[in-house]
Structures are given as C-alpha cells and as structure tokens.
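Here is the structure we will look at, set down as structure tokens.
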Amino acid sequence: YTQVPLNWEWACEGDFQVTGQDIIVALANGTTQKLRYFAKTGNSWAGSDLDLGDKNEHVNLMHLSKDGTKAVYEHSTASQLPRYYTADLIKASGNLQFTNETELAKLNSKLSKKSITRSEIFKWKGYNGDEVDGILYYPENYQAGKRYPLMLSIHGGPSATDMDQWRERWSTYPQILAQRGAFVLKPNYHGSSNHGQAFVESIKGHYYDLEMEDIQQAI
C-alpha cells in the first residue's frame with residue numbers, strides 16, 4: 001500500500017477514478033468539489049489541478065474508459081440544469097488535459113423552458129465565529145430593495161452537504177419555492193460533510209447547539 005499525499009486540508013470528498021497507475025480525486029471544497037490529478041512515478045506522486053474552463057469545481061466525473069483515454073462527466077450548478085459531456089484525456093508532463101469536449105445527451109428539454117431562478121454561494125460567520133456556507137436561491141423576478149419571505153431547506157444527516165449543483169427532488173424543491181416568491185437558503189451547518197473531518201465531528205456531544213446558532217446567524 002502507498003498513501004497518496006493529497007496535501008488538502010479537507011481531504012477527499014469520496015469519489016475517485018483510477019486511470020492506469022494514476023488517479024483523479026474529488027477533493028472536498030465546501031459547496032463544490034475540486035478535481036485533482038495525481039500521477040505516480042515509482043512510489044512518489046505529483047498532483048496537478050484539472051483545467052475544465054468555466055466548469056471548474058462544478059464537474060462530477062462519472063466514468064473513465066478502461067484505457068483511460070475518455071471521460072464522461074456531468075456539469076451543473078444550483079441554477080443550471082445538468083448537462084453531460086464526453087472528452088478525450090491526454091496525459092503530458094505529469095498533467096492531464098480534457099480535450100474535444102462533446103455533449104453526450106440533451107435532457108430536460110421541457111424543464112429547460114421553465115423559469116429558473118438565480119442562486120449564489122452564501123457565506124457567513126456562525127458558531128464561535130467559524131465560517132459557514134450554503135446555497136441561497138433568489139425569488140423569481142427578484143427586485144432589489146423589496147422585502148421577501150425567507151425559507152430554510154435544511155439537509156439531514158447531519159453528515160451531508162448542500163452543494164452548488166442542481167438538486168430538485170421530493171424532499172427539496174427550492175425552484176418551486178422561489179417561483180412562489182421566497183428566498184430559499186440551504187445552510188451547511190456544523191456537522192456537515194465536505195468541509196473537513198473536524199467540521200463534521202465538531203457537534204459530538206453538542207447536537208443541535210452549534211447547528212442552531214449557525215442557522216440563526218444565517219437568518
């Protein structure tokens with residue numbers, strides 16, 4: 001066994017793909033994930049960030065071909081529908097390049113015609129002054145200076161996280177609430193994953209205390 005030195009404070013988000021003797025790792029990055037390529041030489045590793053243009057940190061790497069020359073991946077944000085792509089992979093000088101990107105399939109043709117609200121990554125000071133983040137959705141047809149109701153959409157777990165990616169389902173439907181004229185906030189309070197092990201374990205023996213202060217400060 002050889003440990004791969006991620007050299008990343010929040011470690012691995014959980015997903016990785018093996019390509020030959022090298023690997024691509026999804027690093028935990030709060031409301032996003034950071035793809036990093038690790039090339040192996042002997043028992044040493046060299047890491048480099050993947051350049052995916054304006055898709056950086058919003059790509060879910062789904063599968064690599066057996067020979068490691070092609071990738072299938074998804075791109076979305078909280079206010080952009082998922083799109084699926086293929087690309088050729090070229091290894092050169094310890095780096096990995098995505099080239100010849102092609103959209104694999106067009107889905108959600110009817111949904112794409114619907115009104116989709118704006119969203120942003122929202123950060124604030126929570127418990128003990130620690131930085132906390134989440135996703136804020138704006139009301140449809142938002143007007144600056146106008147007052148709107150705020151609704152919270154809180155993930156379970158508590159070891160889970162709300163990321164800047166498309167997520168509409170039976171248990172969370174911020175676009176529908178935004179269409180009804182509300183701000184919607186998805187907070188990643190203490191105990192959430194994708195923010196490092198210490199953040200997850202911070203609520204041990206203090207369930208609800210830290211999370212409630214995070215949420216109240218967000219409001």
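In table form, for the structure just shown:
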item	result
Anisotropy class of the range 92-182 from Cα gyration tensor, a/c 1.5 cut	oblate
Debye intensity ratio I(q)/I(0), log10, the range 18-140, q values 0.13, 0.18 Å⁻¹ (C-alpha model)	-0.66, -1.02
Kirkwood hydrodynamic radius of the range 163-219, Cα pairs, Å	13.0
Paired Rg and Dmax values of the range 68-110, which use every Cα atom, in angstrom	12.7, 44
Amide proton proximity set for T77, modelled H, under 5 Å, gap of 5+	W166
Over the chain, relative contact order from alpha-carbon pairs under 8 Å, at least 6 apart, %	16
Relative contact order (%) - criterion: Cα under 8 Å, at least six apart; region: the range 116-185	40
Whole-Hz couplings from phi, Karplus 6.51/-1.76/1.60, listed for the range 171-188; x for Gly and Pro	9, 8, 9, x, 5, 5, 5, 5, 5, 8, x, 10, 6, 10, 10, 10, x, 9
Loop-located trypsin sites (Lys or Arg not before Pro) in the range 1-82, at most 10 other Cβ atoms within 10 Å (DSSP)	K66
Cross-link table K34/K125; K34/K204; K146/K186; K55/K106, entries beyond 19 Å C-alpha to C-alpha	K34/K125; K34/K204; K146/K186
Residue-normalised accessible area of the chain, given per residue in Å² at a 1.4 Å probe	58
Average projected area [Cα convex hull, the chain], square nanometres	14.5
Solvent-accessible area, 1.4 Å probe, carbon plus sulfur percent, for the range 96-145	45
Ordering of 108-119, 189-200 by burial proxy (mean other Cβ atoms within 10 Å per residue, highest first)	189-200, 108-119
For the range 42-56, 3J(HN,Hα) per residue [Karplus equation, 6.51 cos²θ - 1.76 cosθ + 1.60, θ = phi - 60°, Hz, x = Gly/Pro]	x, 10, 10, 10, 10, x, 8, 6, 8, 9, 10, x, 6, 8, 3
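The values are calculated or read from the model by the stated rules, or taken from the named source; none is laboratory data. None of the values given here were measured: they were computed from a predicted structure. Here Cβ is always computed from backbone atoms with ideal geometry, including for glycine, and neighbour counts include all displayed protein chains. These accessible areas exclude ligands, DNA and RNA; they are computed on the full protein's heavy atoms, side chains included. Shrake-Rupley method; radii C 1.70, N 1.55, O 1.52, S 1.80 Å.
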